[in-house]
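J.: Input: one structure, supplied below.
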Amino acid sequence: MEPIDLRSDTVTRPTTAMRAAMLDAPVGDDVYGEDPTVNALQRRLADELGFEAALFVPTGTQSNLLALMSHCERGDEYLVGADAHTYKFEGGGAAVLGSIQPQPIPHDADGTLPLDRLAAAIKPVDPHFARTRLLALENTWHGRVLPLDYLKAAHDFARERGLGLHLDGARLFNAAIASGVAAREIARHFDSVSVCLSKGLGAPVGSVLVGSAALIDKARRWRKVAGGGWRQAGLLAAAANHALDHHVARLADDHARAATLAAGLADIPGIRLLGQFTNMVFIDVPADRLRELDVHLREAGVRISIGYLPTLRLVTHLDVDDEGVVRTVEAFREFFGGR
Ligand SMILES: *Cc1c(COP(=O)(O)O)cnc(C)c1O
């Protein structure tokens, strides 16, 4: 039996139809701007999200980094969630490669960064301080969809304070589908947005950064500097285009399966359900049983992230079907006992 891999939505493999689309893609040299499939992907996402331009890049980490380096100069500062991917899970790239100082801000439980906390963190204009230039938000954040009225308030705040506003929208489409709005309604509050095609959308590789033409020109230069100038990338852009054509609306299935999974796990004595948000389920189990649980689940053909976050996270995606959800709940039930 195929293992059920709930560690992340990055583990999806290209479908047969996606592979066929990749084989057929017209390609050219993207460093020369001549790959028609890359250009089509960039154009469609810029248009769909309401921006002038877009840039296809290998990873979400690079996309965020290029955005930060395009908004900020050496010695500038960006405000970012203390548990945000760009701050915590990207190797400190903004500081390491961009000479940009992060100012981490504690999140509220819903993933928002309270505006009074942000206001208090903005530095005075004075040679003692880094220049506060940018606010970076993340949506979804650990599966949570940031409220639209918060995004509007953050936008107005950033405008008043002269800050740029970047969204790490790795799972922007999960947020859009879960709130029943077009992705553009979320993206419109930002100056730049990074979207991952390689998460629940199921492409093997790739993210897209959207922004103004001037911002994307800078990002393209930094992409080359970072070694991300790729050539016949249309093969990968074809997978991304296929994902956008076929795998957006179905994110609702992942959310529904996560809800079913959460309900099933919540019933099992020994498991504390912490929450289910879009395609993610968070649970707590007794710490002294973690190692044993890990072994049991592996033997049962179920993989989850153990030890990477303080709680256990299970993520649904394209390669997890209803049967996979049933098998996962069964595997937990076998371990903890119960009905
Ligand atoms: C996955 C992810 C990224 C980018 O990750 P890559 O593995 O570099 O593509 C950025 N932000 C968030 C919130 C993510 O989940």
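A short reminder: the numbers here are calculations on the coordinates, not readings from a lab. Since the model is a prediction, treat every value here as computed from it, not as a measurement. Quick reminder, even Gly has a Cβ in these numbers, built from the backbone with ideal geometry, and neighbours come from all protein chains shown.
J.: Which ordering of Leu113, Leu148 is given by a fewest-first count of other beta-carbon atoms within 10 Å?
T.: Details: Leu113 26, Leu148 15.
Final ranking by Cβ density, sparse to dense: Leu148, Leu113.
J.: Indicate, rounded to the nearest 5 percent, the antiparallel portion of the DSSP beta bridges found entirely in the chain. List each step's numbers first, then the result.
T.: On the way: 20 of 41 bridges.
Expressed as a percentage, antiparallel bridges in the chain total about 50.
J.: With springs only between Cα atoms under 10 Å, which of Leu209, Leu318, Leu66 fluctuates most in a Gaussian network model of the chain?
T.: Among Leu209, Leu318, Leu66, the largest GNM mean-square fluctuation belongs to Leu318.
J.: Rounded, prolate or oblate: which one fits the stretch 1-90, using the alpha carbon gyration tensor with axes a ≥ b ≥ c (rounded when a/c is under 1.5, else prolate when a/b beats b/c, else oblate)?
T.: Details: a/c = 2.53, a/b = 1.19, b/c = 2.13.
It is oblate, given that a/c is not under 1.5 and a/b is not larger than b/c.
J.: With 10 angstrom as the radius, rank Tyr32, Tyr78, Tyr150, Tyr87 by how many other C-beta atoms surround their C-beta, starting from the fewest. Don't jump to the answer; show the numbers that get you there.
T.: Numbers: Tyr32 9, Tyr78 27, Tyr150 19, Tyr87 24.
Result, fewest neighbours first: Tyr32, Tyr150, Tyr87, Tyr78.
J.: While we're here: Would you work out if the stretch 83-214 is rounded, prolate or oblate? Take a ≥ b ≥ c from the square roots of the eigenvalues of the alpha-carbon gyration tensor; rounded if a/c is under 1.5, else prolate when a/b is larger than b/c, oblate otherwise. Present the calculation step by step, with values, prior to reporting the outcome.
T.: Details: a/c = 1.73, a/b = 1.38, b/c = 1.25.
Cα axes put the stretch 83-214 in the prolate bin.
J.: Pull up all non-local amide H partners of Trp141: gap of 5 or more, or a different chain, and H-to-H distance under 5 Å with H placed in the peptide plane.
T.: Leu146
J.: A further question follows. Considering Cα pairs under 8 angstrom that are at least six residues apart, work out the relative contact order of the chain and quote it in whole percent. Kindly include the intermediate steps, with their values, before the conclusion.
T.: Working: 668 pairs, mean separation 85.5, N = 339.
Reported as a whole number, the value is 25 percent.
J.: Compute the signed sum of charges (Lys and Arg +1, Asp and Glu -1) over the other residues within less than 15 Å, Cβ to Cβ, of Asp29. Kindly include the intermediate steps, with their values, before the conclusion.
T.: Values: positive: Arg220, Arg223, Lys224, Arg231; negative: Asp30, Glu34, Asp35.
Summing Lys/Arg as +1 and Asp/Glu as -1 gives +1.
J.: Please list the equivalent ellipsoid semi-axes of the stretch 209-288, computed as the square roots of five times the alpha-carbon gyration tensor eigenvalues, in descending order and whole angstrom. Before the final figure, lay out each step's value.
T.: On the way: eigenvalues 323, 64, 29 Å².
Taking √(5λ) for each eigenvalue gives 40, 18, 12 Å, largest first.
J.: Here's another thing I want to ask about it. Looking at the square roots a ≥ b ≥ c of the eigenvalues of the Cα gyration tensor of the stretch 1-160, which shape do they give, rounded for a/c under 1.5, prolate if a/b is larger than b/c, or oblate? Can you show the working numbers first?
T.: Working: a/c = 2.06, a/b = 1.56, b/c = 1.32.
Prolate, since a/c reaches 1.5 and a/b exceeds b/c.
J.: For a quick check: sort His242, His85 by the number of other beta carbons within 10 angstrom, fewest at the front. Present the calculation step by step, with values, prior to reporting the outcome.
T.: On the way: His242 23, His85 19.
Starting with the residue having the fewest Cβ neighbours, the order is His85, His242.
J.: Given the rule -39500 (n - 2.57) for each run of at least 4 DSSP H residues, summed and divided by the residues of the chain, what is its mean residue ellipticity at 222 nm, to the nearest 500 deg cm²/dmol?
T.: Working: 14 runs with 145 residues, N = 339.
Calculated mean residue ellipticity at 222 nm is -12500 deg cm²/dmol.
J.: Using the alpha-carbon centroid of each, what span in Å lies between the stretch 311-332 and the stretch 247-306?
T.: 6
J.: Which listed residue (Ala109, Thr311, Ala213) has the Cα farthest towards the positive end of the charge dipole for the chain, taking +1 on Lys and Arg C-beta and -1 on Asp and Glu C-beta about the Cα centre?
T.: Projecting each Cα onto the dipole axis, the largest value belongs to Ala213.
J.: Whole number please: convex hull volume per residue of the Cα set in the chain, in Å³?
T.: Numbers: hull volume 46.0 nm³, N = 339.
Measuring per residue, one finds 136 Å³ for the Cα hull of the chain.
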